């Protein structure tokens, strides 16, 4: 019930922001759609993932819409077997990152609203055609981001006592129960069989398994963030990270994407684009941007994948998450209360909200950014060390090289003065 | 010379067909970056000669800005104008 209330609140908020994006002032800093979606939503998302768990998936309004629609439409198909990998998710994640930069979506309330509508419709269309949580598991770009990031969360849903599962013959955690009744539970729609579930990957924190288990043997537990990256067991619904090429590319694109997304806001990226545009007499930045994306999300992950041992690729997650955290928390904290003057104007409240109250000073936020980056680097290196130690191997030189190089590059980007260009 | 990060001087000239002074009040200025969530900068541009106003804004970051002007006319009417400005590092 709490979940439905939370989802309803998020759905209402999404609707209001879509209306604001379409009908409100078309200048991003003075529109709540662009402000809340690109600053507050993303900032809260990474902080909730860091301090709690994947609760944004728990309260995802798209799932509420889907569940309502499924009372009237029963999906006819199962998600095709040949697509049961993350490749389409990787493609969508990359397309969103590229569109965000090329179309300056962050600078346009209308485009922000249209993107939100498109994701809602795409999710609804997919889940009315295909059974279970096909969109969440294979397509949702936000979901993929959350799944990867939640491997660093302190909370995890897991079995309390494995001996209880050993005597279970009904598998409600996976298959659900009483599904024809309103009070029935679906079981895990992402095919995570709880006795073999390891960590948070692909877990939407929907709590269906907790409620479905007749022995009350599933619960939310606290654990050391990132510890699951040292666990090389076969994971239910996933397999082994080291055997899944799609997952390894997803991890690398998540990490290099973090760098690229931050790079898009500093001078050297603009200088590069201008250089290419001048040299080739181009009228817009499509090709320079495409070159950057092919390099960061194509070439670098391929080279990294070829030079890093497969079982160590997951050790890049803490670093990638650290960079996303540093970037998004910067915007969130420095612009924490920038929505107040907009609300003031909407409600006709006179007076000027003091500038110094609008956000945390940049000098403080910079230290926090560096802390997140350093933490990500240390956990990456520590996980790498632990995995090699367990198999009596020395640390991989190529992996150390990539981990240090990426950290230095991230440090350089985050230390540069920001330069935000783009008018939608 | 392109405007750079830091204090920039804004000169505003307001004219009307009969060249009468439209306002004696300073023009309120607010600079916003094109990216949402950035703290704006504010300043005033007082009248320095007939129809000319001048004031400073301290920009905090390179990139694309929009400068919003609020002009209070003698008859109490408020006119709002804005213009884009690229600030360089």
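By per-residue mean of other Cβ atoms within 10 Å, what is the highest-first order of A:300-307, A:133-140, A:375-382? Walk me through the numbers on the way to the answer.
On the way: A:300-307: 15.6, A:133-140: 24.4, A:375-382: 21.2.
Highest mean packing first, the order is A:133-140, A:375-382, A:300-307.
Which value, in nm² and rounded to one decimal, describes the direction-averaged projected area of the C-alpha convex hull of segment A:7-47?
Numbers: hull surface 11.3 nm².
Reported value for the Cα convex hull: 2.8 nm².
Taking the inverse of the average 1/r across all pairs of different Cα atoms in segment A:96-158, what Kirkwood radius in Å do you get? Can you show the working numbers first?
Working: mean 1/r = 0.0739 Å⁻¹.
That comes to 13.5 Å for segment A:96-158.
Report the rotationally averaged projected area of segment A:229-424 based on its alpha-carbon convex hull, in square nanometres.
Numbers: hull surface 59.7 nm².
Result: 14.9 nm².
If you build a Gaussian network model of chain A, linking Cα atoms that sit under 10 Å apart, which residue out of A:389, A:71, A:270 swings the most?
Judging by the Gaussian network model, the answer is A:71.
Computed FRET efficiency, Cβ-Cβ of residue B:89 and residue A:408, R0 25 Å: what is it to the nearest 0.05? Let's see the in-between values first.
Details: r = 22 Å, r/R0 = 0.87.
Efficiency, rounded to the nearest 0.05: 0.70.
Would you mind telling me which residue in B:50, B:28, B:77 has the biggest mean-square fluctuation in a Gaussian network model of chain B, where springs connect alpha carbons within a distance under 10 angstrom?
With Cα springs under 10 Å in chain B, the top fluctuation among B:50, B:28, B:77 is at B:77.
Mind jotting down the three principal axis lengths of segment A:155-223 based on Cα atoms? Whole angstrom, largest first.
So the three principal-axis extents are 35, 26, 17 Å.
What do the square roots of 5 times the Cα gyration tensor eigenvalues come to for segment A:356-424, in whole Å, largest first, as semi-axes of the equivalent ellipsoid?
Working: eigenvalues 229, 45, 15 Å².
Semi-axes, largest first: 34, 15, 9 Å.
Cβ neighbours within 10 Å, averaged per peptide: list A:288-297, A:204-213, A:314-323 in order, most packed at the top. Spell out each step's value before the answer.
Numbers: A:288-297: 17.2, A:204-213: 22.5, A:314-323: 27.8.
Top of the packing list down: A:314-323, A:204-213, A:288-297.
Which whole-number percent is the relative contact order of segment A:130-196 (Cα, under 8 Å, 6+ apart)?
Details: 46 pairs, mean separation 21.4, N = 67.
So the answer I get is 32 percent.
Ordered by packing density, taken as the mean number of other Cβ atoms within 10 Å over each peptide's residues, highest first, how do A:119-129, A:4-14, A:76-86 rank? Working shown, then result.
Values: A:119-129: 17.5, A:4-14: 15.5, A:76-86: 12.9.
Peptide ranking by packing, descending: A:119-129, A:4-14, A:76-86.
Could you give the radius of gyration (one decimal) and Dmax (whole number) of the Cα atoms in segment A:1-154, in Å?
Taking only Cα atoms of segment A:1-154, I get Rg and Dmax of 15.7, 46 Å.
Once you've got the GNM for chain A with C-alpha springs shorter than 10 Å, pick whichever of A:354, A:341, A:309 has the biggest mean-square fluctuation.
Checking each option, the largest mean-square fluctuation is seen for A:354.
For segment B:6-87, what is the Kirkwood hydrodynamic radius in Å, using each pair of distinct C-alpha atoms? Could you put the intermediate results ahead of the total?
Working: mean 1/r = 0.0753 Å⁻¹.
That comes to 13.3 Å for segment B:6-87.
Could you work out how far apart the two model spin labels at residue A:275 and residue A:67 are, taking each label as a point 7 Å from the Cα in the direction of the beta carbon, and quote it in nm?
Inter-label distance under the simple model: 5.2 nm.
Consider all pairwise Cα distances in segment A:245-326 and report the whole-number % of them above 19 Å.
Details: 1441 of 3321 pairs.
For segment A:245-326, the fraction of Cα-Cα distances above 19 Å is 43 percent.
What FRET efficiency would be calculated for the residue pair residue A:295, residue A:8, taking the C-beta separation as r and a Förster radius of 56 Å, to the nearest 0.05?
On the way: r = 43 Å, r/R0 = 0.77.
Result of the calculation: an efficiency of 0.85.
Taking every residue in B:25-36, how many Cβ atoms of other protein chains lie within 10 Å of its Cβ, on average? Mind dumping the intermediate values first?
Details: counts 0, 0, 0, 1, 0, 3, 0, 5, 8, 12, 15, 24.
Shielding by partners across B:25-36 averages 6.
Given Cα positions, please report Rg to Rh for segment A:107-255, the hydrodynamic radius being the Kirkwood one.
Details: Rg = 16.8 Å, Rh = 16.7 Å.
Dividing the radius of gyration by the Kirkwood radius yields 1.00.
Size of segment A:289-353 along its principal axes in angstrom, Cα-based, largest extent first?
Principal-axis extents of the Cα atoms in segment A:289-353, largest first: 60, 27, 14 Å.
When the convex hull of the C-alpha atoms of segment A:213-276 is computed, what volume per residue in Å³ does it have? Could the numbers behind the result be given before it?
Values: hull volume 10.7 nm³, N = 64.
So the per-residue Cα hull volume is 168 Å³.
Residues of A:29-40, mean number of Cβ from any other protein chain within 10 Å of their own Cβ, rounded to a whole number? Let's see the in-between values first.
Working: counts 10, 5, 1, 1, 1, 3, 2, 2, 1, 3, 4, 2.
Other-chain Cβ atoms within 10 Å of each residue's Cβ, averaged: 3.
Reported to two decimal places, what Rg/Rh ratio describes the protein assembly as shown when computed on Cα atoms with Rh from the Kirkwood expression?
Numbers: Rg = 25.7 Å, Rh = 25.1 Å.
Using only Cα positions, Rg/Rh for the protein assembly as shown is 1.02.
Helix-derived [θ] at 222 nm for the protein assembly as shown: sum -39500 (n - 2.57) over DSSP H runs of at least 4, divide by residue count, nearest 500?
-14000 deg cm²/dmol, from helical runs alone.
Given labels modelled 7 Å from the Cα in the Cβ direction, how far is it in nm from residue A:117 to residue B:78?
3.2 nm
Read-outs throughout are calculated quantities, based only on the coordinates presented, and are distinct from any laboratory measurement. The structure displayed is predicted, hence computed values, not measured ones. Cβ sites come from the backbone with ideal geometry, for glycine too, and all protein chains shown count toward neighbours.
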